[in-house]
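Derivation of every value follows stated rules applied to the coordinates shown; laboratory data play no part. Only a predicted model underlies this, so the values are computations on that prediction, with no experimental measurement involved. No Cβ is skipped: glycine too gets one built from the backbone with ideal geometry, and neighbour counts run over all protein chains shown.
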Amino acid sequence: MDLSFLKDISQAHLLVAGEVGIDEYLWGDCRRISPEAPVPVVEVESQSFKLGLSANVAQNLASLGTKTTLLSVKGADSDGIKLGEMLKEAGISKVEFVEDASRPTLRKVRVLAQKQHVVRVDYERSHPLDAKLAKNFVERICDLLPSADGIIVQDYGKGIWNPDTMAFVQHAKSLKKPVFVDPSRMSPLELYQGMTLSTPNIVEAETLCRIPSGKSRLVGKDDAALTKMARQILDITGSEHSIITCGEWGMVSLSRGQDSLNRIPTFAREVFDVTGAGDTVIAVLSLMYVLGQSLSDCMKVANAAAGIVVGRIGASSVTIDELRTELERLLKAGLMN
């Protein structure tokens, strides 16, 4: 693989649209059980905040030096103000919000003791955007698209995406702007009509393809089952490529007109936390795609980047220097060509 594309990363511009939130971590120690109920008592020693959901995707791009525009929805609350400050600190080129007073700014609070998750508390509302807000949201996408090289749609099933807000896809196609989708298993495949590619994991792909729960023991090395799902995604959405991430088995792709599955192995060395790995995958894969790289190379670089972040606790991003070092290591070791 020729790494000359790294010098072009700063010239790319991607629009990220979808739910955003704050990931709060309470770190502590657990030495006893509560006398009030049979639950552990965590003595908090420190607190940290990270960008979550689409904000983490945007941060991954910004961390690599890519021009990034983020469009999302937030509540009219103090967390919304804090989120805006965090995004500014992350160096994201442009941030726009549609404010929705009917929902809180999404925040996930994770309590960890001895680096192990004890409990997670979510502040969220997952109802659909009302008609006026949905209209404002899709109009802003259409306004921002001409200056971007492509758009990443992050669907976490929190109510932002529906047929009305996805109506921008036809406009994107008329502008020849690729649409990359990280789908929600709570949304029907038909919602993503006209997209360029998607990156569900195995569980999401099974649900999207309506494989009954409990009847499939699919694992990531089952090429026949993966091919069937990938082809179904292509047929229903009319997309050009279907990618399924398979955890320890890497990721696979099937493109329109292609008969056999393309498999890229995982490059993770040690896995501590897979939180946000999918965000890194779609951020890096989309970036490589708009830089004109082959789909196989897009997947290889995305897997290499994901292999870095799963070695850390919590959602994380990769810098251009970290990515270059990792790619050079993989090439030297003969693990990538």
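Couple of notes before you dig in:
- Each of Tyr123, Tyr289 was scored by other Cβ atoms within 10 Å of its Cβ. Arranged with the fewest first, they read Tyr123, Tyr289.
- With a cut-off of 12 Å between beta carbons, the residues surrounding Gln59 carry a summed charge of -1, where Lys and Arg count +1 and Asp and Glu -1.
- Entries in Lys88/Lys173; Lys50/Lys158; Lys7/Lys173; Lys50/Lys94; Lys108/Lys158; Lys74/Lys132 that, when Cα-Cα distance is taken, lie over 22 Å: Lys88/Lys173; Lys7/Lys173
- In terms of the mean number of neighbouring beta-carbon atoms within 10 Å, the peptides 54-61, 4-11, 19-26, 249-256 order highest first as 54-61, 19-26, 249-256, 4-11.
- The range 17-172: Rg to Rh, with Rh as the Kirkwood radius over Cα pairs: 1.05
- Ranked for footprinting exposure by Cβ neighbours inside 10 Å, fewest first, Ile92, Ile320, Ile160, Ile244 give Ile320, Ile92, Ile244, Ile160.
- Matching the structure-derived Rg and Dmax of the Cα atoms in Å against the labelled list (1) 19.8, 63; (2) 22.3, 85; (3) 26.9, 85 gives the label (1).
- Residue-count net charge about Glu240 - beta-carbon cut-off 14 Å; Lys, Arg +1, Asp, Glu -1: +4
- Peptides 169-177, 198-206, 107-115 ranked from most to least packed give 198-206, 107-115, 169-177, packing being the mean of other C-beta atoms within 10 angstrom over each peptide's residues.
- Aspartates and glutamates with Cα under 13 Å of Lys300, excluding same-chain neighbours fewer than 8 positions away: Asp2, Glu326, Glu328
- For the chain, adding -39500 (n - 2.57) for each run of n ≥ 4 DSSP H residues and dividing by the number of residues yields -10000 deg cm²/dmol at 222 nm.
- Cα-projected label distance for His171 with Val109, points at 7 Å along beta-carbon direction, nm: 3.8 nm
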